[in-house]
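First the structure, in the form of structure tokens, and then the observations on it.
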Amino acid sequence: MALVTALRRLAHARLREYSWRTPAVTSGAWRTGQRSFSTGTQPLRSDNKVTVHFINRDGEKISVKGSPGDSLLDVVINEDLDFDGFGACEGTLACSTCHLIFDEEVYKKLGPVTDEEMDMLDLAYGLTDTSRLGCQICLSKTLEGMVARVPESVADIRQSKDESA
Amino acid sequence: MAFLNHFRTAYLKSFQGDRLNKQLFFILRALHKSASSEALGISAAGEEAIPQKLITPADVGEKPRVKTLKEMPGPSTLSNFIEFFWRDGFSRIHEIQMEHRKKYGKIFKSRFGPQLVVSIADRDLVAQVLRAECMAPQRANMESWKEYRDMRGRSTGLISAEGEEWLKMRSVLRQLIMRPRDVAVFSDDVNKVVDDLIKRVCILRTQESDGATVLNMNDLFFKYAMEGVAAILYECRLGCLENDIPQETQDYIHALHLMFSSFKTTMYAGAIPKWLRPVIPKPWEEFCLSWDGLFKFSLIHVDKRLAEIKAQLERGEEVKGGLLTHMLITKEMSLEEIYANVTEMLLAGVDTTSFTLSWASYLLARHPHIQQKIFTEVTRTLGPGTVATADDVPRLPLIRGLVKETLRLFPVLPGNGRITQDDLVVGGYFIPKGTQLALCHYSTSLEEESFADALDFRPDRWIRKDSTDRVDNFGSIPFGYGIRSCIGRRIAELEMHLALIRLIQRFHIGVSPLTADVKAKTHGLLCPAAPIHLQFIEREN
């Protein structure tokens, strides 16, 4: 029985972790109620962390830190960065909403691209030669200080975004 | 703690099973599309004049006036009625899509009784619609599915659920079966099923006078797909590819066939108003009967595994297992939700995969030069006799191209549905929230603009020169795109890749004199209109 309890606890921890991994900003009102609001402060062992500079759609630079091994999508979620619609499929390679654009030198250091990622990149809006999906990029010390630009937003065809679903 | 770590590893390894969702999606879409075309409850209000304040174009500038639905072209209600109900247009939905695209353009409206459907037959407009999706896109009205579940006290699953309920289950399942690496671990399980498929081919061809022909390939691939999905989903084998298929598996196949063969009637099950059921009872009865059969089968297998787990725990043994074990232990979903989802995933994962495999082998047989090229790639890359796993697939771009090209020419879901959740402006038209859209994948797949020589079978059109080489686009998205795309996609791909690699390694696949040109027909899904018979001739090495 103790085993079951332990497993369940583990599973819950996992579920909790994932249930918040929803797009950074949601458009449906019913969904917003479930968002987590982390403070964004992560004081522990910041020396091991990797600094990432995001440039949002307004051109603003947002500098945050992430742990090695975290994906850029993890960083966006953990830091509660407000990029509309980012990471809709929670990093499961079913969409391309975590599309990010890099400088060429950084792009070269990002590691290999899988076929599945390329297939999804084909469907990304505003694709460039140095585009990748944020969910597939894992932080490492060699990427310290990297810049990741959030591409322009899709021309929105929605007409009444504020209506609750 | 060591134990926990151990479990965690096992647990992470155990989540492989992606293809199911994707296929669910397919089915969903198929059902939705057809159902929606028919009678679901979108009110005619969509065509009413729209409030002036809403007609503000999103972008400022000299944009043309946004037109209303009233101004949208499309077939008249009467001609549509005759086309579909009199001339059985439902089996030609894919062709009608093409005709209407030519006649009315990229976006047009059709009316099926009270149901208005706006068809989007242009890759860029499809992209716009899918990119504007919110957190829980809706495919079509699933009331009849929901009604059955409520009646039997069953849960909805990924196909039939909507909104928050859907998102909760999707969030759990996508973490288990959507990532390619989580699905790659199923390679060995799938390969065991491929072993049996090959054996079956060898047995079946000895039954024909030429010693080479296998009749009705789809029947064989149906069993392969079912066995493959079950191996992942139920963590057990069903015996579909044995000489004597166990009775309970036969019962399930019967229920599945009933669901499929009565597709049109079950579609009416949702379309026929409740008050008419006493007069026309058959559709609803068959609908319920086939669902009873499908659920019964899932319950048997899920309960069996649950009992095994309980027994193991009572004996103090470590519990190891795959997808189902994980779901049962973690209880991220209730038992009823598990029943519903495995039922829907199995339903969605069989015909979709088998039709695609049937078309792929048919196309290979009809194009021996292409088959030879793929054979060369496979043998050069793998060496003789090697059994490929998911890890080998990236080195076999033509195999991936084969599946993509097959699905482009024969998208198993010729169209998908969406019910708009916001007011949208698409192609210059104002489309009010709650409108049923049909995304015309069949017609966009065959657009010359997206795919040069679109009618030609060319798996190599999908090959990239390097990682920045982009290959095509929203024109062919057989698994859909985004948060409500097929959850079984990766599992389906794995099953198809591994089966095709092995068939190509072992046999030269040839056309049989018994099979001429096979056309497609729509029966919910896009399927071969006639049985496909093929020859399997042993390769020398």
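The helices (runs of 4 or more DSSP H) falling completely within the range B:320-431 that include 3 or more residues that are away from chain A (no Cβ under 14 Å) and more than 30 Å from residue B:66 (Cα to Cα) map to B:335-366, B:368-382. Can we say residue B:230 is assigned to a helix (DSSP H, G or I), aliphatic (A, V, I, L, M) and crowded, with 23+ Cβ neighbours inside 10 Å? It is true that residue B:230 is assigned to a helix (DSSP H, G or I), aliphatic (A, V, I, L, M) and crowded, with 23+ Cβ neighbours inside 10 Å.
Restricting attention to the range B:369-419, the residues that are of a type in the set (Gly, Ala, Ser), under 30 Å from residue B:116 (Cα atoms) and surrounded by fewer than 21 Cβ atoms within 10 Å (Cβ to Cβ) total 0.
Exactly one residue out of B:244, B:292 is modelled with pLDDT of 80 or more and over 30 Å from residue B:84 (Cβ atoms), and it is B:244. When the residues of the range B:467-476 are filtered to those that are more than 7 Å from chain A (Cβ to nearest Cβ) and either modelled with pLDDT of 85 or more or under 26 Å from residue B:177 (Cβ atoms) (or both), the one that is surrounded by the fewest Cβ atoms within 10 Å (Cβ to Cβ) is B:475. Just one of the numbered conditions (1) among the hydrophobic types (A, V, I, L, M, F, W, C); (2) under 25 Å from residue A:154 (Cα atoms); (3) away from chain A (no Cβ under 11 Å) is not true of residue B:169: (2). Being buried (at least 20 other Cβ atoms within 10 Å of the Cβ), basic (Lys, Arg) and within 30 Å of residue B:115 (Cβ to Cβ) is a property that residue B:139 has. In the range B:501-522 there is no residue matching the filter, namely being small (Gly, Ala, Ser) and surrounded by 24 or more Cβ atoms within 10 Å (Cβ to Cβ). What about residue B:438, is it crowded, with 24+ Cβ neighbours inside 10 Å, in a strand (DSSP E or B) and of a type in the set (Gly, Ala, Ser)? So residue B:438 passes the test. Just one residue in the set B:525, B:498, B:534 is within 30 Å of residue B:166 (Cα to Cα), touching a helix residue (DSSP H, G or I) at 6+ places or on another chain (Cβ under 7 Å) and either crowded, with 24+ Cβ neighbours inside 10 Å or not aromatic (Phe, Trp, Tyr) (or both); that residue is B:525. Checking each residue in the range B:120-131 for being small (Gly, Ala, Ser) and surrounded by fewer than 23 Cβ atoms within 10 Å (Cβ to Cβ) picks out only B:127.
Here the range A:53-68 is the region considered, the condition is being part of a strand (DSSP E or B) and among the basic types (Lys, Arg), and the residue that is nearest to residue A:147 (Cα to Cα) is A:61. When the range B:300-311 is limited to residues that are surrounded by fewer than 16 Cβ atoms within 10 Å (Cβ to Cβ) and not β-branched (Val, Ile, Thr), the one that is nearest to the other protein chains (Cβ to nearest Cβ) turns out to be B:310.
Listed by first and then second residue, the pairs linking a residue in the range B:388-399 that is closer than 16 Å to residue B:189 by Cβ and at pLDDT 95 or above to a residue that is of a type in the set (A, V, I, L, M, F, W, C) and in a helix (DSSP H, G or I), with Cβ atoms under 6 Å apart and 6 or more places separating them unless they lie on different chains, are B:388/B:382; B:388/B:501; B:390/B:184; B:390/B:494.
Taking every residue in the range B:97-108 that is of a type outside the set (Lys, Arg) and pairing it with any residue that is assigned to a loop (DSSP other than H, G, I, E, B) and exposed (fewer than 14 other Cβ atoms within 10 Å of the Cβ), at least 6 positions away or on another chain, the pairs with Cβ-Cβ distances below 6 Å are B:104/B:73; B:108/B:73.
The values are calculated or read from the model by the stated rules, or taken from the named source; none is laboratory data. Because the structure is predicted, anything quoted here is derived from the model rather than measured. Here the Cβ is made from the backbone with ideal geometry for all residues, glycine too, and neighbour counts use every protein chain on show.
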